[in-house]
Amino acid sequence: MKKVVIQGLAVAFALISCLSLQGCSYQVQLSQRLLIQGIGIDYEDGVYRATVQVTKVSDQEENTVSLMNGEGDSAMDALNAITLANGKKPLYSHSLVLVLGRGCAEEGLSNVMDFFIRYPESHPTVNVLMADSSAEDILSTEQEDGKYIQARDIAELAKGGKYNGETVQTEMLDVINQLRGEGSSPYLPIVMQDGESIVSSGTAVFSGDQLVSDLDAQETRGLLLITGKLHNGTAVVQSPEIGKVTLELEEASTKISPQIIGEKPRFSIEVECGATIGAADMPSGKSLDSKMYEKIGELLEEQLTQNCMEAISICIEDNHSDIFNFGRRLYQSQPTYWKQHEANWREEMDQAEYDVQVEVQLRRGGQEITGLQSDVNA
């Protein structure tokens, strides 16, 4: 009997505990939230300015976006000012893109990224871009119909590198990993206004968290080749012998082998890339034959090798920026050397040797009107 009473009391206590827990946490209704689609952060004269695209949900028409702004002493303070102005709690988990103004990038990424690292609703796959001028200009770009270009369309620009081979894509998690990696530094795609549209405009290069340089389209292609992230793209080669030939680049694979020779590291960078002739504007009376194919392949290999070396020169030699993760490879394969030189890697990286070899597998395209010779292998 005593056992039954004890069990009954235990059950009653459990029920009371469950009831007492209900309603302890404040539930924020959707109508009380700001559905943020995109965020822009600018910095000028010691003040941070936040611009957010907020989704307006309506039963009568399709969803549209509006802009809200706030200013403060930090990125978090500026975002909080937006909440103070309208009384609604921001919902950052829906955000698709974070655009940083050039002034903000020059001031340093750490001051901005720390908020998004700590905030629990921030999503690690948010696309991070840098505006050529201000982030507010990018998020406030209007189309012909007077509507703002939405954040999801801006985010698609960064993904375009899968097709054009001249644009990088960087997500929040990539930036965090690069800032905390072994001597590495982050990079961001640059976007700019072009009338009523937004276009890609190269790559922003950082040393630590400070903006130090930009890469153009060709140098960006070198970065993609070295990091093994080139999937597609086009390249044009020309000479008096073959005229002008446009090639479609295909999936590239990269192997990087670090060695210590003497007292210096040496990185052997081997890139393999496929290519198909897309168009050939050849001298009159000439047609593609095996010698022509060989020459085209050599010219393409030279061009892609030059793209890689120019990217290394600008980043490593001129700006001490390891956006290629060479330091991380040393850490993994040469731990003893890395332990001795880790603290000075940014000063010493330009003393290392970088040997780039690009091998192109030139594949036969469709039927050419120039008259492809029968001795060319498919």
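May I ask you to list the residues in region 165-200 that are free of Cβ contacts under 8 Å to residues at least 60 places away in the same chain, in a strand (DSSP E or B) and either open to solvent by 50 Å² or more (accessible area, probe 1.4 Å) or closer than 18 Å to MET349 by Cβ (or both)?
Residues satisfying the conditions are GLU171, ASP194.
Can we say GLU298 is of a type outside the set (Lys, Arg), without any contact (Cβ under 8 Å) to a residue 24 or more places away in the chain and out of contact with any Gly (no Cβ under 8 Å at 6 or more places or on another chain)?
Spelling it out, GLU298 is indeed of a type outside the set (Lys, Arg), without any contact (Cβ under 8 Å) to a residue 24 or more places away in the chain and out of contact with any Gly (no Cβ under 8 Å at 6 or more places or on another chain).
Just give me the residues in region 128-152 being at pLDDT below 90, open to solvent by 40 Å² or more (accessible area, probe 1.4 Å) and either polar (S, T, N, Q) or in a helix (DSSP H, G or I) (or both), in sequence order.
Within region 128-152, GLN143, ARG152 meet the criteria.
Taking the options GLN334, GLN340, name whichever one is open to solvent by 60 Å² or more (accessible area, probe 1.4 Å) and either modelled with pLDDT of 95 or more or among the polar types (S, T, N, Q) (or both).
It is GLN340.
In region 327-367, which residue that is assigned to a helix (DSSP H, G or I) and among the polar types (S, T, N, Q) is nearest to MET292 (Cα to Cα)?
GLN351
Go through (1) over 25 Å from the mean Cα position of the chain (by Cα); (2) crowded, with 21+ Cβ neighbours inside 10 Å one by one and return the number of the condition PHE324 breaks.
(1)
Would you be able to say whether some residue in region 76-93 is modelled with pLDDT of 95 or more and more than 22 Å from LYS147 (Cβ to Cβ)?
Among the residues of region 76-93, not one is modelled with pLDDT of 95 or more and more than 22 Å from LYS147 (Cβ to Cβ), which makes the answer no.
The values are calculated or read from the model by the stated rules, or taken from the named source; none is laboratory data. Because the structure is predicted, anything quoted here is derived from the model rather than measured. Ideal geometry is used to build each Cβ from the backbone, glycine not excepted, and the neighbour counts take in all protein chains shown. Remember, those area values only see protein heavy atoms, side chains included, never the ligands or the DNA or RNA. Shrake-Rupley method; radii C 1.70, N 1.55, O 1.52, S 1.80 Å.
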